[in-house]
Amino acid sequence: MNKKWAAKRLTINLTSSEAEKLEKYCSMTGRPATDVIRELIRSLTTEAKE
């Protein structure tokens, strides 16, 4: 699979508890936060429900 990386950079503000939860998840899974966030974004539904 050929991935094209966009030149879009995103900065988000997290509460301390959100950041802690993300760090803990990343530590448990051994995955970087970038990969976890990308996966969560890909799982979002963008089509309207009927």
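The values are calculated or read from the model by the stated rules, or taken from the named source; none is laboratory data. None of these values were measured; they are calculated from a predicted model. With ligands, DNA and RNA removed, areas are computed over all heavy atoms of the protein, side chains included. Shrake-Rupley method; radii C 1.70, N 1.55, O 1.52, S 1.80 Å.
Extension gain, residue 4 to residue 20: 0.36 nm times the residue separation minus the Cα-Cα distance gives 2.7 nm. Dividing the summed -39500 (n - 2.57) terms of all DSSP H runs of n ≥ 4 by the residue count of the chain sets its mean residue ellipticity at 222 nm at -15000 deg cm²/dmol. When the Kirkwood radius is taken over all Cα pairs of the chain, what Stokes-Einstein diffusion coefficient follows at 25 °C and 0.890 mPa s, in µm²/s? Reported coefficient: 187 µm²/s. The residues of region 5-50 expose on average 103 square angstrom of accessible surface per residue, using a 1.4 Å probe on protein heavy atoms.
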